[in-house]
1. Looking at the stretch 175-185, can you tell me whether even one residue there is within 17 Å of residue 33 (Cβ to Cβ), modelled with pLDDT of 90 or more, out of contact with any Cys (no Cβ under 8 Å at 6 or more places or on another chain) and surrounded by fewer than 20 Cβ atoms within 10 Å (Cβ to Cβ)?
2. Residue 116 - would you say it is farther than 23 Å from residue 168 by Cβ and touching a residue at least 60 places away in the same chain (Cβ under 8 Å)?
3. Conditions first: (1) open to solvent by less than 50 Å² (accessible area, probe 1.4 Å); (2) at negative phi. Residue 98 passes all but one, so which condition is the exception?
4. Which of the residues that make up the stretch 1-28 are within 21 Å of the chain's Cα centre (by Cα), surrounded by 13 or more Cβ atoms within 10 Å (Cβ to Cβ) and modelled with pLDDT of 95 or more?
5. Working only within the stretch 104-120, note down all residues that are surrounded by fewer than 20 Cβ atoms within 10 Å (Cβ to Cβ) and closer than 17 Å to residue 84 by Cβ.
6. Output the residues belonging to the stretch 129-168 that are open to solvent by 50 Å² or more (accessible area, probe 1.4 Å) and among the aliphatic types (A, V, I, L, M).
7. Among the residues of the stretch 76-102, how many are assigned to a helix (DSSP H, G or I) and modelled with pLDDT of 95 or more?
8. If I ask for residues that are modelled with pLDDT of 95 or more and surrounded by 22 or more Cβ atoms within 10 Å (Cβ to Cβ), which ones from the stretch 42-53 would you list?
Amino acid sequence: EIGDPADGSTASYEEIKVSIEDFPVVAKLMLTAAAKTLVDAEPELTKYDLICGDGDCGLTMKRGGREVLDRIESGKLDLSHPVPLFASLADAVSASMGGTSGVLLELCFRKMSAFFLSSTEIDAKTMASAFQAGVEAISFYGGASIGSRTMLDALFPATEALLASGSIVDAAEVAQKGADETGKMKSASAGRSNYIGAEVLQGTPDPGAVAVALVLKSLS
């Protein structure tokens, strides 16, 4: 069972130690890079989604990226600690993205925030485990898994790499491979691609998986 991704509260997080040096600074740099990447990737994601989806993936991701950048600039994104940070990210996604991908990413970030509340200390390994919990929430609530031709084809390999080595470089590499593999799949078992024939799908990667790969590359 996954459990409610919104379980718990951010009220008692102050006692949870963060062992990542200069966490607020690092978080700001990484989120800025990720958000700018999503904004810049809109044409590419739109191109793919016009073929295998509703055509709105690029704009949806761009709206999310802009919202995060705006909240960083205005100080509305709480960078002080992982618990409120990922809750704030969930709020930003909820306010801007919409669609299935927006809902699932919101659930992912809320699950990560809740996961940190069960920790006594947050380090790189804890971050990887929280990421795993968030990805599993996407799979559980979205009804998809690896091989479904969704963002999970990039997220699951990335999760395994982070848990194994802790390297974002490794995670980015396997995420890219996973995204590339979606372009070779003849069918999808989730999302809009589920209704599109093999002759259309083949050669076009899933835009959600491509977005994941691009974001992880920007962080590496």
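The values are calculated or read from the model by the stated rules, or taken from the named source; none is laboratory data. These figures come from a predicted structure and were not determined experimentally. Please note: Cβ atoms are built from the backbone with ideal geometry, for glycine as well, and neighbour counts cover all protein chains shown. Areas reflect the complete protein model, heavy atoms only, side chains present, ligands, DNA and RNA absent. Shrake-Rupley method; radii C 1.70, N 1.55, O 1.52, S 1.80 Å.
1. no
2. No; evaluated as a whole, the condition is false for this residue.
3. Going through (1) open to solvent by less than 50 Å² (accessible area, probe 1.4 Å); (2) at negative phi one by one, residue 98 breaks only (2).
4. 20, 23, 24, 27, 28
5. 117, 118, 119 - these are the residues of the stretch 104-120 that are surrounded by fewer than 20 Cβ atoms within 10 Å (Cβ to Cβ) and closer than 17 Å to residue 84 by Cβ.
6. Residues satisfying the conditions are 146, 163, 164, 168.
7. Looking only at that region, the number is 15.
8. 45 - this is the single residue of the stretch 42-53 that is modelled with pLDDT of 95 or more and surrounded by 22 or more Cβ atoms within 10 Å (Cβ to Cβ).
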